[in-house]
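The values are calculated or read from the model by the stated rules, or taken from the named source; none is laboratory data. This is a predicted model, so every value here is computed, not measured. Every residue, glycine as well, gets a Cβ built from its backbone with ideal geometry; the counts of neighbours run over all protein chains shown. Just so you know, the surface numbers come from the protein's heavy atoms only, side chains and all, with ligands and any DNA or RNA stripped out. Shrake-Rupley method; radii C 1.70, N 1.55, O 1.52, S 1.80 Å.
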Amino acid sequence: MAPRRPPVGNLPADLTSFVGRGYELSQVRQLLSQSRLVTLTGFGGVGKSRLALRVAQQLSRVFPDGVWLVELSSLQDGALLPQAVSQALGIADLASGDPVETLSRALARRNLLVVVDNCEHLVPSCQYVLTMLLKSAPDLRVLATSREVLRIPGEQVCQVAPLEVPEPGGQASVEALGRYPGVALFARRAGEVRPVFAVTTSNADAVARVCGFSEGMPLFLELAAAQLRWLSVEQLAGRMADRFHLLTGRPPAVVARHQSLRAAVEWSFTLCSEAERLVWIRASAFAGRFDLGAAEAVCAGDGLSASEVLDALAGLIDKSVLVAAERDGDLRYWMLDTLRLYGQDQLEAMNGTAAPDLRRRHRDYYLGLAGRFTADWFGPRQAGWSRRMRADLPELRAALSYSLSTPGEETAAIRLAGRLNYLWLGCGAAREGSLWLERVLAALPSPGGDRARVLAAQTRVLTLRSLHAEAAGPARECLELARHLGDPGLLGEAVTCRGMNLMYTGDMAAAVPLLDEGIERAAARPDIPIAVASATMCRGLAATTAGDAALADALFGRCQAVCRAAGDTSFLSLVLAVSIPAVLALGELARATAYGHESLAGSAALGDTLVMTAALEALAWVASAGGDHRRAARLLGAANRQAWVHGGSPFHAEGAIPAHGQCEAAARAALGETAFGAEFRTGSDLSLDEAIGYAQQDGPARPAEQAPAAAPPEDGPAQLTRRELEIAELVAVGLTNQQIANQLVISRRTAEGHVEHILGKLGFTTRTQIAAWLLARNETSGPPA
């Protein structure tokens, strides 16, 4: 039997079991079958996020292009919402146009579900972005959570109510309590912290009181259950009653729901040790998820040692205040929004300097991290740094925002933005980098070395996005400022940036002397190998454009040697791709092929979409040079699709490298317009992963019109039941799940389940594959009996 296809997406694994909400799960699934936007609304702490994630997990195999989570709680700047969505979906955004248009192009052909969590503080931005995406991507479904309705046309709203619980003060039997979902949740969590716990006749009244006080708020119940590590349920109920009356001035039975939750949070706070309370308050400075090193740096001090921070973190996890989860060996902590906001309230209530001092400490830690990242990037640890900096992007945004919005901190902002140069260039955040660099340059107009470094970074980021005219101003100012300051290292960077900009804007006569000067100045600083590699590569590109293949190949070879000696993968992958035109001009087809495959493998390992696109394009030229024009046309289509979606390729500068036009012309002449168009369209229909898989294959391409239908394992047909074969026939003629349900008089959920089972049994990922397989089967064995 074929293995079930793995779900696509980025949903986090459950840390605790999901309890109850059966009706709501069914309701939300039904709403998603009727509407492309469903918003879950309700109080903070009522369980909107957990319900949305549970629905998404249930649908993880229904959407061929995956189910994706976009968390907005750490995002405070609505202008960055398109970048946050792109980052969550793994889409590199290098384009020069509107970011929402770029994202719309990327999603236009995808059939996926996107969960957008915690929209309430960014409602206007969510309204605009989601409206545009839903208009552009007909197979997109969005499941949002928000404390208020988004008011987008076509939106279906599902109000998430608290879990049903007994009235506080009432008496109930064990059997009666078992019918309350809130009691079931409390009992499950209680059993997780105290395995012997059970609801019995002796503790039923106490359980009823605790759950009644909660008003059915899941967060309240989670916090309460965590206290059973130290208290009996009877002690918990007694202390809770006293505490609520003290905090609210009312008996628990008449406390409003939001007051009840606030009281529960305050009660949990008072049960913490002094160290735990301090860490709770100080950890509220983090915008999202943080690791132990960050926690120790930000939370320690002022009477709290690093070891005490670690102990406090463990205590807060035990009390369900903090959550911890490990991914790829990286353990991260975070707080739910309600608890983080409470910590921030407590921070603001402290003495006058506590809040700014903590935020400065947070900023300084990430400023130091950015410095270590810059110093270590050009070397063997790039994959780890790439994962780390992408994970820390919410904190870096918070640090930049604090520095730009706080008088006197602007210098730190420009230093931080400059140190993130390789995040913007090498980790798929070029557009966001442009935005931050533009902001910090506007905030600190005075000349100096920091400004020159940011101008150089802005030049490179704009060049990466093919905005060569826009890069001219920063490049020119950077060079003028560097010559005025006389800093040798800065001047080497500045002349290379200016020469690169002149090359891409067509002024080769002015570009070459500057690029040669850049190589000379970089050679004088061998302790900065990336400067040598960068200057040498730029000069090699100029030689390629001038038609001097031998000089270009020699320069690229020197550049590759620098990269390999340093253990670099990122820059090497780019250099290998741009080396290929010169190698082909020298007639070395095998070496060009090897360069293309190594570039593609290295860039794929780092998730560098820009270089993956360049490698696909370069391998098209290799195929053309080898006479395989079908393969060339298909790879051109794949590269064109990725460049169109993501907005960039090093080869897309006007006139920089003519190989693209030559390759396309040769393929059209060899194949004819009809066959070329078919191959090009086949390539453009490939996903990035499919395109990489195809490019790494050897041998001539099969004509597009003769491409084989996807086939399941040999025993695949026997695996389908009569009902599944009937549904497969309906899928093959293009019916949606709802149309299948209507025709067979079954629920949409049942139809979805059948389609999911068919995909899993046959090892397929798309409905198109079902149709192709069924067509091939019917041609050989006749229609299903």
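Quick check: anything in the stretch 625-648 under 22 Å from Ala552 (Cα atoms) and part of a helix (DSSP H, G or I)?
Of all residues in the stretch 625-648, those under 22 Å from Ala552 (Cα atoms) come to 625-626.
Retained after the next criterion (residues that are part of a helix (DSSP H, G or I)): 625.
So far as the stretch 625-648 goes, yes, one or more of its residues are under 22 Å from Ala552 (Cα atoms) and part of a helix (DSSP H, G or I).
Go through the stretch 354-442 and tell me which helices (runs of 4 or more DSSP H), entirely inside it, have 3 or more residues that are closer than 26 Å to Gly343 by Cα and open to solvent by less than 10 Å² (accessible area, probe 1.4 Å). Step through it out loud before you land on a result.
On the way: elements: 354-376, 382-391, 393-405, 410-419, 421-426.
Answer list for the stretch 354-442: 354-376, 393-405.
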Of all residues making up the stretch 454-468, the number that are modelled with pLDDT under 90 and either open to solvent by 30 Å² or more (accessible area, probe 1.4 Å) or farther than 17 Å from Val495 by Cα (or both): 4
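Conditions tested, residue by residue: (1) touching a strand residue (DSSP E or B) at 6+ places or on another chain (Cβ under 9 Å); (2) free of Cβ contacts under 8 Å to residues at least 24 places away in the same chain.
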residue	(1), (2)
Pro99	no, no
Leu103	no, no
Val123	yes, no
Leu134	yes, no
Leu143	yes, no
Pro166	no, no
Gly178	no, yes
Glu192	no, no
Pull up the stretch 520-530, narrow it to residues that are within 37 Å of the chain's Cα centre (by Cα) and in contact (Cβ under 8 Å) with a residue 12 or more places away in the chain, then point me to the one that is least open to solvent (accessible area, probe 1.4 Å). Ala522
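Please find, among Leu130, Leu112, Leu103, the residue that is out of contact with any helix residue (DSSP H, G or I) (no Cβ under 7 Å at 6 or more places or on another chain), crowded, with 23+ Cβ neighbours inside 10 Å and not polar (S, T, N, Q).
Numbers: Leu112 fails: crowded, with 23+ Cβ neighbours inside 10 Å; Leu103 fails: out of contact with any helix residue (DSSP H, G or I) (no Cβ under 7 Å at 6 or more places or on another chain).
Residue meeting the stated conditions: Leu130.
Can you tell me which residue within the stretch 316-353, out of those that are part of a helix (DSSP H, G or I) and open to solvent by less than 20 Å² (accessible area, probe 1.4 Å), is modelled with the lowest pLDDT?
Our first condition is that a residue be part of a helix (DSSP H, G or I); within the stretch 316-353, this holds for 316-318, 337-348.
Applying the additional criterion that residues be open to solvent by less than 20 Å² (accessible area, probe 1.4 Å) yields 316, 339, 342-343, 347.
Working: Leu316: 89, Leu339: 84, Tyr342: 87, Gly343: 90, Leu347: 90.
Ranking the candidates gives Leu339 first.
In this structure, does Leu292 turn out to be modelled with pLDDT of 90 or more, farther than 20 Å from Arg239 by Cα and open to solvent by 30 Å² or more (accessible area, probe 1.4 Å)? Explain how you work it out, then say what you get.
On the way: modelled with pLDDT of 90 or more: yes; farther than 20 Å from Arg239 by Cα: yes; open to solvent by 30 Å² or more (accessible area, probe 1.4 Å): yes.
When the stated conditions are applied, Leu292 passes them.
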Which of the following residues is at pLDDT below 90, assigned to a loop (DSSP other than H, G, I, E, B) and crowded, with 20+ Cβ neighbours inside 10 Å: Arg4, Arg61? Arg61
Can you tell me which residue among Arg360, Arg372 is of a type in the set (D, E, K, R) and in contact (Cβ under 8 Å) with a residue 40 or more places away in the chain? Arg360
Which residue, of Arg50, Arg36, Arg21, is of a type in the set (Lys, Arg) and over 25 Å from the mean Cα position of the chain (by Cα)? Arg21
Pairing a residue in the stretch 473-485 that is closer than 15 Å to Ala510 by Cβ with any residue that is surrounded by 24 or more Cβ atoms within 10 Å (Cβ to Cβ), where Cβ atoms lie under 6 Å and the two sit 6 or more apart in sequence or on different chains, gives Ala475/Thr459; Ala475/Cys497; Ala475/Arg498; Ala475/Asn501; Leu479/Ala494; Leu479/Arg498
Given the structure, is Leu31 under 30 Å from Tyr342 (Cβ atoms) and open to solvent by 10 Å² or more (accessible area, probe 1.4 Å)? no
Which pairs turn up if I take residues in the stretch 324-346 that are among the small types (Gly, Ala, Ser) and look for partners that are in a strand (DSSP E or B) with beta carbon separation below 8 Å, at least 6 apart in sequence or on another chain? Ala324/Leu331; Ala324/Arg332; Ala324/Tyr333; Ala325/Leu331; Ala325/Arg332; Gly343/Met335
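Here is a yes/no grid of residues against (1) free of Cβ contacts under 8 Å to residues at least 60 places away in the same chain; (2) in a loop (DSSP other than H, G, I, E, B); (3) charged (D, E, K, R); (4) open to solvent by 20 Å² or more (accessible area, probe 1.4 Å):
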residue: Leu40; (1), (2), (3), (4): no, no, no, no
residue: Phe43; (1), (2), (3), (4): no, yes, no, yes
residue: Arg54; (1), (2), (3), (4): yes, no, yes, yes
residue: Ile91; (1), (2), (3), (4): no, yes, no, no
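With the requirement that a residue be polar (S, T, N, Q) and either at pLDDT below 90 or out of contact with any Ser or Thr (no Cβ under 8 Å at 6 or more places or on another chain) (or both), what does the stretch 23-58 give you? Steps first, answer last, please.
Here is the first cut: in the stretch 23-58, the ones polar (S, T, N, Q) are 26-27, 30, 33-35, 39, 41, 49, 57-58.
Answer for the stretch 23-58, where residues must be polar (S, T, N, Q) and either at pLDDT below 90 or out of contact with any Ser or Thr (no Cβ under 8 Å at 6 or more places or on another chain) (or both): Ser26, Gln27, Gln30, Ser33, Gln34, Ser35, Thr41, Ser49, Gln57, Gln58.
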Of all residues making up the stretch 470-491, the number that are under 37 Å from the mean Cα position of the chain (by Cα) and at pLDDT below 90: 2
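Specify which of the listed residues (Glu395, Glu348) is among the acidic types (Asp, Glu) and under 20 Å from Ala79 (Cβ atoms).
Details: Glu348 fails: under 20 Å from Ala79 (Cβ atoms).
The unique qualifying residue is Glu395.
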Select from the stretch 560-618 the residues that are hydroxyl-bearing (Ser, Thr, Tyr), open to solvent by 10 Å² or more (accessible area, probe 1.4 Å) and more than 26 Å from the chain's Cα centre (by Cα) and write down the one among them that is farthest from Trp377 (Cα to Cα). Thr593
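Out of everything in the stretch 591-608 that is part of a helix (DSSP H, G or I) and not small (Gly, Ala, Ser), what residue ends up being farthest from Ala639 (Cα to Cα)? Walk me through how you get there before you give the answer.
Taking the stretch 591-608 first, the residues part of a helix (DSSP H, G or I) are 591-606.
With the extra rule that they be not small (Gly, Ala, Ser), the set shrinks to 591, 593, 595, 597-598, 600, 606.
On the way: Arg591: 21, Thr593: 16, Tyr595: 17, His597: 15, Glu598: 17, Leu600: 12, Leu606: 18 Å.
Top of the filtered list is Arg591.
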For Thr536, are the conditions met, namely being under 24 Å from His660 (Cβ atoms), crowded, with 16+ Cβ neighbours inside 10 Å, of a type in the set (Val, Ile, Thr) and modelled with pLDDT under 90? no
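Among the residues of the stretch 200-220, is there at least one that is free of Cβ contacts under 8 Å to residues at least 12 places away in the same chain and open to solvent by 40 Å² or more (accessible area, probe 1.4 Å)?
Restricting attention to the stretch 200-220, the residues satisfying the condition of being free of Cβ contacts under 8 Å to residues at least 12 places away in the same chain are 202.
With open to solvent by 40 Å² or more (accessible area, probe 1.4 Å) added as a condition, the list becomes 202.
Yes: one or more hits.
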